[in-house]
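Here is the structure we will look at.
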Ligand code: NAD
Ligand code: AHE
Ligand code: ZN
Ligand code: ZN
């Protein structure tokens, strides 16, 4: 079939909206009509050329929601008409990783996914002249129709609006999950969130859900304050306005250091500050931000010797097929909020405007509606 897609032709160039060929689903695969897709910072990270796994030409996008159109041979858990959210972290429920409760990083399709291919080692997308186009993070939601492995789809309730729940495909789950599944934050904890963007705001609402006593937000952009307060931030710190070292300031503000800190900036200097602002003896710092190729983190080992822990999280530690439908329920039951964070809705033709808004710090989440 033919479908309309925004194609990343090469690093650093705007996406090109065009018709492309899409082959039908093969063994274990599913054809999905994407109804809405969010533009995540990680799409920009790859498009800019900073992602060591970045491949071109490719159809980016990993945050979406849609409807199953056709299932390939052997697919048992889904049928045409089912509403789904694509998962860049699959959940096969049988690999060594899925069977270990300590991780959500299913490896069943990871190696082919990293090469921009379906599990059989081929791509379903091509240009009209036959040039192959690669998949991205196993999802390619910047295409109106896409093919994914069955294990990379979460089946969700049918009354949930696509233009809101698409955000659960990455940002919402990553932020809330980092608190609930990775940190397992306790009622009454003190926390610091670095970066109040599309991920950091969801960390803040996750902390509110967990019953944190103090939620400090740190950002260089004061325009983020209002929204962060709405989601539960109790204190705001702009590092540009702090005289002297930021670490002792934050340690003092949190009465000895935070129980949990979260980096949602992708900046390795911020990651160090986040670790060192943790409470001596037990504070845990969780890295969410994706740093550019080749970047490294550092601190004095004494920081760890004296009881601080450095951890990381992908997709908020969520097991997608199991946890994503529950997060959709939380949204529908009013336990979490999504709508105010969707600051812009665009047609596919304007997808590059969504990237411009992100660069300018003017959007939290821009969503493309097909
Ligand atoms: P964003 O651009 O919306 O937000 C980043 C925020 O950080 C902005 O508000 C910016 O002003 C602030 N910031 C930048 N530099 C800062 C500094 N030095 N000190 C304080 N604040 C600073 O981005 P986002 O969509 O929220 O994504 C955040 C990071 O999370 C990105 O690196 C993204 O790639 C990553 N991410 C990781 C996962 C995962 O599974 N681990 C999932 C999604 C996104
Ligand atoms: N090349 C990577 C993209 C960069 C990355 O680190 N992705 C994070 C998620 S960021 C979502 O906005 C990730 O969790 N990757 C999982 C993994 O196994 O690498 C990619 O994912 O293709
Ligand atoms: Zn993302
Ligand atoms: Zn698995």
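Side notes on the structure shown:
- Residue list for the stretch 250-267, filter: exposed (fewer than 15 other Cβ atoms within 10 Å of the Cβ) and in a helix (DSSP H, G or I): 252
- Residue within the stretch 65-80 that is within 16 Å of ligand 1 (Cβ to nearest atom), in contact with a strand residue (DSSP E or B) (Cβ under 6 Å, 6 or more places away or on another chain) and at pLDDT 95 or above present: no
- For residue 148, the conditions (1) away from ligand 1 (no atom under 14 Å from the Cβ); (2) in contact (Cβ under 8 Å) with a residue 40 or more places away in the chain; (3) farther than 23 Å from residue 76 by Cβ all hold with the exception of (3).
- Here residue 314 fulfils each of the conditions (1) away from ligand 3 (no atom under 16 Å from the Cβ); (2) in contact (Cβ under 8 Å) with a residue 24 or more places away in the chain; (3) surrounded by fewer than 22 Cβ atoms within 10 Å (Cβ to Cβ) apart from (1).
- Meeting the requirement of 1 or more residues that are at pLDDT 95 or above, within 16 Å of ligand 4 (Cβ to nearest atom) and surrounded by fewer than 24 Cβ atoms within 10 Å (Cβ to Cβ), no strands (runs of 3 or more DSSP E) wholly within the stretch 90-207 can be named.
- Within the stretch 76-92, considering residues that are in contact with a helix residue (DSSP H, G or I) (Cβ under 7 Å, 6 or more places away or on another chain) and more than 16 Å from ligand 3 (Cβ to nearest atom), the one nearest to residue 171 (Cα to Cα): 91
- Filtered residue count, the stretch 208-225, keeping only those that are in contact with a strand residue (DSSP E or B) (Cβ under 6 Å, 6 or more places away or on another chain) and either surrounded by 18 or more Cβ atoms within 10 Å (Cβ to Cβ) or in contact (Cβ under 8 Å) with a residue 60 or more places away in the chain (or both): 6
- Selected residue (only one of 81, 38, 61, 12 is on the phi > 0 side of the Ramachandran plot and within 15 Å of ligand 2 (Cβ to nearest atom)): 61
- Residue 50 fulfils the conditions (1) over 20 Å from residue 30 (Cβ atoms); (2) at pLDDT 95 or above; (3) within 12 Å of ligand 2 (Cβ to nearest atom) except for a single criterion, (2).
The values are calculated or read from the model by the stated rules, or taken from the named source; none is laboratory data. These numbers were taken from a predicted model, which means no experiment stands behind them. Ideal geometry is used to build each Cβ from the backbone, glycine not excepted, and the neighbour counts take in all protein chains shown.
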